[in-house]
1. Tell me the label-point distance for the pair H39, I7, using the 7 Å Cα-to-Cβ offset, in nm and rounded to one decimal.
2. Ranked highest first by the average count of other Cβ atoms within 10 Å around their residues, in what order do 50-62, 16-28 fall?
3. What does the accessible area per residue of the stretch 8-77 come to in Å², with a 1.4 Å probe and no ligands, DNA or RNA counted?
4. With just the Cα atoms defining each centre, how far is the stretch 1-17 from the stretch 26-46? Give it in Å.
5. When a/c reaches 1.5 or more, the comparison of a/b and b/c decides; with that in mind, is the stretch 1-68 rounded, prolate or oblate per its Cα gyration tensor?
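The values are calculated or read from the model by the stated rules, or taken from the named source; none is laboratory data. None of these values were measured; they are calculated from a predicted model. Virtual Cβ from ideal backbone geometry, glycine too; neighbours counted across all protein chains shown. Only protein heavy atoms, including side chains, enter the accessible area calculation; ligands, DNA and RNA are left aside. Shrake-Rupley method; radii C 1.70, N 1.55, O 1.52, S 1.80 Å.
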Amino acid sequence: MKYRLLIWILWPSFLVAGMAEGLLFTVIHPQDLLFFGYHPELSDEGIYTIGFFIIWTFCAVSSALTAYILPGIESPENKEIDRGLI
């Protein structure tokens with residue numbers, strides 16, 4: 001169940017991160033970015049890669065938080081509480 005939960009969190013966040021990166025770097029070119037007043041000494045592909053992993057991390061944290069706060073389901077027969085996904 002833990003591996004399935006990991007896939008439920010990482011796969012949708014991967015898809016959303018791919019779309020978000022495409023939209024972000026369609027509007028902003030990596031050479032236009034400044035970090036603390038300096039241009040990064042990375043290639044465009046390096047900035048795309050780092051940007052993707054940062055966006056993917058934020059999306060995965062959002063998905064994990066959603067899975068964590070899902071309410072449990074009370075079964076009517078035994079009055080036991082299903083604690084949700086986690």
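1. 4.5
2. 50-62, 16-28
3. 77
4. Using only Cα atoms, the two centres lie 29 Å from each other.
5. Details: a/c = 2.92, a/b = 2.56, b/c = 1.14.
Cα axes put the stretch 1-68 in the prolate bin.
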